[in-house]
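Rule-based calculations on the coordinates, nothing more; no lab input. Every value quoted in this text rests on a predicted model; they were computed, and no experiment measured them. Note: ideal-geometry Cβ built from the backbone for every residue, glycine included; neighbour counts use all protein chains shown.
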Amino acid sequence: MKKTLVISDRFPLPEKFGADIRTMNLARYFAGLGLVDIAYLSDLPSGLRQMAGAGGHLEKEDVFSGKYCLQKLEYPRTLRGRFGMSVRGFPYPVREYSKASMEKLVALIEFGGYDFVLVRYLRNTAGFFGLSQAAKMKVIVDIDDVLTLSLYDTLFTPTNNALRKLFRAINKALLTYYQTRCVTAFGACLVCSEKDKLDLWGEKASESIFVVPNTLGMRGPGKLPMGSGFAGRHILLFIGALHYQPNVSGLLWFLENVYPLYRNVYPDAVLLVVGRDPLPEVIEACARSKGVELHPDVPDVVEYYKDCRAVVVPLLEGSGTRLKVLEAALLERPIISTRKGVEGLDVVSGVHFLEFNDDRSFCEAYRALSNESVYDALVASAETMVLERYSNSALSASMSKVVAYIDSRKAKMSSPRSHTPAGQPSDEAFN
């Protein structure tokens, strides 16, 4: 029986958001191998505490045997402090753990009897380069969002300050170096798509980098009576975290540059904007746009899928794979997306989704949905694609390769041939 420690930004239940879904899918895989503990950076949700021992749904989904709460140091407020932190080996958004939390993590990883340590996101690996070599071989870094590409600029507010621009350029170089160190220092690194792997490391990517696709996990076809959206009103759905900058910039671009023409063509059109923690600019843009309804922090998104005729994904930046696309496919609604919105997914425009890049191409794509056979074919093809390529079995197959790779590396480290005394030639020297 194997034992795994998951290190995450927050406790991933209830499982409502993309980051939590991926965390739980990976945790469930490791739970199939044995015990799973979790160390997280925020307190247990009050709902989970109330349901503990009550046999509720959250308790049934809670696969974690042990739970450890962590803290990180505050990020410096001054530019000088931030620069100092970056050059000390913690480029933003990597942030140091508190002394007590770092000591707790070192004790757990070095002496807790774990076979694997899954770290969600690069930013949560601060201080891990100081672990023993044997401990570092246990570590699997799930990079997920690739911050050194187009996402990097979204980490900061726009500025014309020359010093801030210089700091951000230096920080990006240091973050890229930090990312490379993670690939070479730890047991394995995970990305969401072949494109991310290729963009980051090219054709000569390290054998320790694995593609582990996003999956929806608990939600599957046939579980929810959705009904066809073909005969519905001209209602579009945009769904996503409304504080996440790629979602925000994509939505604002769509509202300003695409939606006005669509609403001229379809005067009764409605855009449902659904997501958590909307930024002020999102609230303002939705309020001043006719035919736009903002629904923040809803308990369940399924009803909004039922109401819509199509799902729009107007992303212009970002990395990874879009869980919102997989969700729309399984909830039987056609997807109209920019190329960036489906990047990282093995999809074809006109088969699994309809592509657009401006207002006219969007209206043309939507007009194609007036043909019921086209509508139904897109829905069926997208659903089949998700079930075949982005299912739990696909994630399990990918993770099995990761586990086998780490086990083989640990076996090589523990073999007598890898412990040749200093000054004594190894067997390879005579071959």
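For residue 170, put the label point 7 Å out on the Cα→Cβ axis and report which residues of region 81-103 keep their amide N under 11 Å from it. Within reach of a label on residue 170, which here means backbone N under 11 Å from a point 7 Å along Cα→Cβ, region 81-103 contributes 81-88.
Applying 1/(1 + (r/R0)^6) with R0 = 56 Å to the Cβ-Cβ distance of residue 300 and residue 415 gives a FRET efficiency near 0.60. Neighbour counts of C-beta atoms inside 10 Å place 413, 226, 85 in the sequence 413, 226, 85, starting with the fewest. Close amide H partners of residue 209, meaning residues 5 or more places away or on another chain with modelled amide H under 5 Å apart, are 189.
Report note on the peptides 308-316, 122-130, 68-76, 367-375: ranked by the mean count of other C-beta atoms within 10 Å, highest first, their order is 308-316, 122-130, 68-76, 367-375. Above 28 Å, the calculated P(r) of region 235-389 contains 11 percent of its Cα-Cα pairs. In this simple spin-label approximation, residue 277 and residue 307 carry label points 7 Å from Cα along the Cα→Cβ vector, and these lie 2.4 nm apart.
On the beta carbon distance between residue 100 and residue 134, with R0 = 25 Å, the FRET formula returns roughly 0.55. Scaling against 2.2 N^0.38 Å puts the C-alpha radius of gyration of the chain at 1.06. Please tell me the relative contact order of the chain in percent, rounded to the nearest whole number, where contacts are Cα pairs under 8 Å and at least six residues apart. The normalised contact order for the chain reaches 13 percent.
What the Cβ-Cβ distance of residue 2 and residue 358 gives, at R0 = 45 Å and to the nearest 0.05, is a FRET efficiency of 0.35. Computed extension length for residue 384-residue 68: 109.8 nm, one decimal, from 0.36 nm per residue of separation with the Cα-Cα distance subtracted.
Packing here is the average count of other Cβ atoms within 10 Å per residue, and on that basis the peptides 192-199, 397-404, highest first, run 192-199, 397-404. Close amide H pairs (under 5 Å, H built 1.01 Å from N) link residue 39 with 6, 7, 8, 68, residues at least 5 positions away or on another chain.
Across region 235-389, the relative contact order, built from alpha-carbon pairs under 8 Å that are at least six residues apart, equals 23 percent. Computed over the Cα atoms of region 51-206, the ratio of the radius of gyration to the Kirkwood radius (Rg/Rh) comes to 1.01. For the pair residue 393 and residue 107, the difference between a 0.36 nm per residue extended length and the Cα-Cα distance amounts to 99.6 nm. For region 3-29 versus region 246-265, the inter-centroid distance based on Cα atoms is 33 Å.
Each residue, residue 75 and residue 261, gets one label point 7 Å from its Cα in the Cβ direction; the gap between the two is 3.7 nm.
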